[in-house]
1. Give the stretch A:55-78 a look and list any residue that's more than 8 Å from every other protein chain (Cβ to nearest Cβ), surrounded by 16 or more Cβ atoms within 10 Å (Cβ to Cβ) and more than 30 Å from B:Ser325 (Cβ to Cβ), or say none.
2. Do we find that B:Ile63 is surrounded by 18 or more Cβ atoms within 10 Å (Cβ to Cβ), within 14 Å of chain A (Cβ to nearest Cβ) and modelled with pLDDT of 95 or more in this structure?
3. Does any residue of the stretch B:19-41 turn out to be surrounded by 17 or more Cβ atoms within 10 Å (Cβ to Cβ), within 14 Å of chain A (Cβ to nearest Cβ) and of a type in the set (Asp, Glu)?
4. Quick check: anything in the stretch B:392-407 on the phi > 0 side of the Ramachandran plot, surrounded by fewer than 16 Cβ atoms within 10 Å (Cβ to Cβ) and within 25 Å of the chain's Cα centre (by Cα)?
5. Since B:Met202 meets every condition but one in (1) touching a Lys or Arg at 6+ places or on another chain (Cβ under 7 Å); (2) within 17 Å of B:Leu132 (Cα to Cα); (3) surrounded by 21 or more Cβ atoms within 10 Å (Cβ to Cβ), which condition does it not meet?
6. If B:Arg47 meets every condition in (1) over 20 Å from B:Asn268 (Cβ atoms); (2) surrounded by fewer than 23 Cβ atoms within 10 Å (Cβ to Cβ); (3) more than 14 Å from chain A (Cβ to nearest Cβ) apart from one, which number is that one?
7. Of all residues in the stretch B:216-246, count the ones that are among the small types (Gly, Ala, Ser) and outside any helix (DSSP H, G or I).
8. Are any residues in the stretch B:8-32 within 30 Å of B:Gly231 (Cα to Cα) and in contact with a His (Cβ under 9 Å, 6 or more places away or on another chain), and if so, which ones?
Amino acid sequence: MEQTADKVIITVVGKDVVGIIAKVCLYLSENQINVLDISQTTISGFFNMMMIADMNRSTKSFMECQKDLDAIGEEIGVSIRCQREEIFEKMHRI
Amino acid sequence: MINIWEVNETNKMVEQENLDVRTITIGISLLECIDSDLTKLNEKIYRRITTVAKDLAQTAEKIENEYGIPIVNKRISVTPAAIIGGAACRTPEDFVTIAQTLDRAAEAVGANLIGGYSALVSKGMTQADELLIRSIPLALTGTQRVCSSVNLASTKTGINMDAVRLMGEILLEVAERSKDRDSVDCMKLVVFCNAPDDNPFMAGAFHGVTEADAVINVGVSGPGVVKTALGAVRGESFEVLCETIKKTAFKVTRVGQLVAQEASRLLNIPFGIVDLSLAPTPAIGDSVADILCEIGLEYAGAPGTTAALALLNDQVKKGGVMASSYVGGLSGAFIPVSEDQGMIDAVQAGAITLEKLEAMTCVCSVGLDMIAIPGDTKATTISGIIADEMALGMVNQKTTAARLIPVIGKGVGDTVEFGGLFGYAPIMPVNRFSCDAFINRKGRIPAPIHSFKN
């Protein structure tokens, strides 16, 4: 049976530096988290990136990923949030 | 698929506009705990609450982390204690032991507050009801987390004026007992007309006898989100104004619905309702009064305030009912004074009076809320204010309430500090003319003619 997607939204906000996306993607691939969509923009001088990822085959739990991404964010000097997709889906779709 | 703008909008609501889930409240029926032996009764109550709600705090934390939405309070509401304790309690002190048990149980499961130290006396008081009411001053000063409410009136039964008279005296006694702390225990006591059975908000939450064994009710918030949205449509027509409030209320309520369903699933307790109320806090920008100002008033209390509030309340409901299939509780805009910086500013500017607040309660979800009044206010005057508020609810077939704080030793011009989410309040003047002869009449005010619908 095909497993259903376990979608999370990863957002990165902060000062633009080289390799933000690379670092995040490296972490995701190391943990078998598949990126479904990625978009980025600059809002009032700040780097703003959003990823939709599927954690279905993830080797780490949601909480672990949240903590790890938080640490990566701190390392690069940006804020990285990881949230379940439903909150956005519920709020913006009827 | 969700796009970056939508994600940013949601996160901005949380980070900058104080969007949060104000409370997850587990309603727990204590009917199965009834026992004529007081010790056994207390043991059963403690066991029941600590079993049903044992995972409340962890579950709320998990939801908070996974969705990135703050859940401010974890609460419990129980079956009105007057019903539960009737068979075992012979004195007010007996009832106080139940309050202490509720307090201990709430602490054990990490609940911020527990509601249901209550009596429903809209038509008459049983002996147990009266004992519980007389125990309220002792119960509230002897506990940290227990909240008490008394339903004094309803559209179907009229107003129990004997209970209204008694509550004026009880409120002063609560004030007196906590006078060294600015009579702060009065915050934990509210009187109602048409009290809902499924209200998740304190101090008035109790688990009605019409409810199942246990249920999850969620109260959302978000005055700051509505205010920000309205900031973008300044000067536009009423149609645009209403559309904006509705859309925002929809989004806020969907978050509540999601949290309620998730909590229900994780705790394996049925989902009851989402309460749509706009609940302010003293945080800057988290104010219902600020929304009224954004709609076009210099201060809350200016002419037009009642109309603006009526509009706001109605649009919040219209947007909210689309977002959740089960809406209940109080569902509207709260207009507490101390918990709303905009409202405090309005009092200090002389823009709003007790009488104007009373008018506003005709069109909003609750009533006179968190209003500090002089400590030398007579019991009959307090009962008079309560009776007026009950009459508004009874005739308009809506919930109304009064949560007044007579601050012993302080008068108009003084300010009281309640701390944290409860904020501070300037003491408001009360009409000094007497209603003694009216309040001292015995009996009840009959139900209004339009309540006879059978």
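The values are calculated or read from the model by the stated rules, or taken from the named source; none is laboratory data. The structure displayed is predicted, hence computed values, not measured ones. Neighbour counts run over all protein chains shown; Cβ positions are idealised from the backbone, glycine included.
1. Scanning the stretch A:55-78 gives A:Ser58, A:Lys60, A:Cys65, A:Asp68, A:Leu69, A:Ile72, A:Gly73, A:Ile76, A:Val78.
2. For B:Ile63, the condition - surrounded by 18 or more Cβ atoms within 10 Å (Cβ to Cβ), within 14 Å of chain A (Cβ to nearest Cβ) and modelled with pLDDT of 95 or more - is met.
3. yes
4. So far as the stretch B:392-407 goes, yes, one or more of its residues are on the phi > 0 side of the Ramachandran plot, surrounded by fewer than 16 Cβ atoms within 10 Å (Cβ to Cβ) and within 25 Å of the chain's Cα centre (by Cα).
5. The one condition B:Met202 does not meet is (2).
6. (1)
7. 6
8. Answer for the stretch B:8-32, where residues must be within 30 Å of B:Gly231 (Cα to Cα) and in contact with a His (Cβ under 9 Å, 6 or more places away or on another chain): B:Glu9, B:Thr10.
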